[in-house]
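Quick notes on the structure that follows.
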Amino acid sequence: MDLTPYVERLRRDLAAAAGIGGDQARDLAGRLAAALDSAARIALLEALSAAAEEITRDLAPGAVEVRLRCGEPGFVVMTPPPPGPRDAPRDTPPAPPPPAPEEDGGTSRLSLRVPEQLKPRIEAAAAHEGLSVNAWLVRAITAALDGGAPGPRPAAQTGRRLTGWAR
């Protein structure tokens, strides 16, 4: 993803605003724009990283990462690997493939009754991760059905690459 058009638009907007003040203001705006180029790029990268983190929370156990290559950010979407033969119990046949997702990406309503003392713990866990109770429950159920634990997974280093999720 090339950030240059966004930084250039900021420069043009600053120059247009400074044009009201005359030549001296326009000259000052040009010098400020050149000095703020790096700061604008970092601010855009931070916004992209925050967006990727927010998407990852809703996508778990999958993840979205922002990676920087040659000074330009790119997105990488990671889906969890399907359970392998070691993950499945030996006495049961392999699980059937999941049903195809619906075209409209609809949702279903489900009533869940939990013990009174469990409800505040669920709410606290969701708040701790910055999620709604519904999003937290969907994540926990997805992770349980996929055989993993809910929440961020620890990073693991393999060779020269660092993989995993971080906060």
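The values are calculated or read from the model by the stated rules, or taken from the named source; none is laboratory data. Values in this document were obtained by computation on a predicted structure and should not be read as measured data. Note that each Cβ is placed from the backbone with ideal geometry, even for glycine, and that neighbours are counted across all protein chains shown. Surface accessibility is based on the protein's heavy atoms, side chains included, excluding ligands, DNA and RNA. Shrake-Rupley method; radii C 1.70, N 1.55, O 1.52, S 1.80 Å.
Of note:
- Top-ranked residue of region 1-60 - restricted to ones that are open to solvent by less than 80 Å² (accessible area, probe 1.4 Å) and among the hydroxyl-bearing types (Ser, Thr, Tyr), ranked as nearest to residue 80 (Cα to Cα): 56
- Just one of (1) under 30 Å from residue 16 (Cα atoms); (2) within 17 Å of the chain's Cα centre (by Cα) fails for residue 31. It is (2).
- With respect to the stated conditions, residue 76 is loosely packed, with under 12 Cβ neighbours inside 10 Å and within 30 Å of residue 132 (Cα to Cα).
- Every pair of residues 6+ apart whose Cβ atoms lie under 8 Å, when the first sits in region 43-58 and is in contact (Cβ under 8 Å) with a residue 60 or more places away in the chain while the second is of a type in the set (Phe, Trp, Tyr): 56/165
- The lone exception for residue 105 - which of (1) closer than 26 Å to residue 65 by Cα; (2) at pLDDT 75 or above it fails: (2)
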